[in-house]
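Coordinate-derived values only; no laboratory data. Fair warning: this is a prediction, and the values are worked out from it, not measured in the lab.
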Amino acid sequence: MVRGKAYSSTKKRKIIATAQQILANHPALKIAIAGSYGKTTAKEIISAILGEGKKVAFTPDNMNTMIGISRFAKTLDGTEEIIIFELGEEQVGDVRDLCNLVHPDIGIITGINEAHLSSFKTLDRTTATISN
């Protein structure tokens, strides 16, 4: 469920496929931010700095899942020079899958700590998930 909307798996695949096309064809520099903490703050700081001279778009709030980023991609008009994505991680493989959707030119890891131990059980697994 995303913001009160439940999607069927067919609908999800269609939304993601549309986003893949949009992002693959978009000429903007793509920056992806992952980490256990500080993603939203880093995204906002980077967008404020780069927005001084470039047209920047970024995922709103903490919209950082496959569906969230896919919905965001549909809002792009093609004139953005830089797009900043916040990548969430809840399960092993999430960051990898989001990178396969976004295809970032630049990746930033804010930091890794115990925030995701309930999902990944160890810091080594957290590190592997975020950095792969």
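Students often forget the sequence filter, so: which lysines lie under 30 Å Cα-Cα from Lys11 once same-chain residues fewer than 8 apart are removed?
Partners within reach: Lys30, Lys39, Lys43, Lys74.
Enumerate the whole-percent occupancy of each 5 Å bin, from 0 to the last occupied one, for all C-alpha pair distances of region 1-65.
It works out to 3, 13, 19, 20, 19, 17, 6, 2, 0, in whole percents.
Per 0.36 nm of contour for each residue apart, how much would the distance between Ile22 and Arg96 grow if the chain were fully extended, relative to their Cα-Cα spacing?
In short, 24.8 nm is gained.
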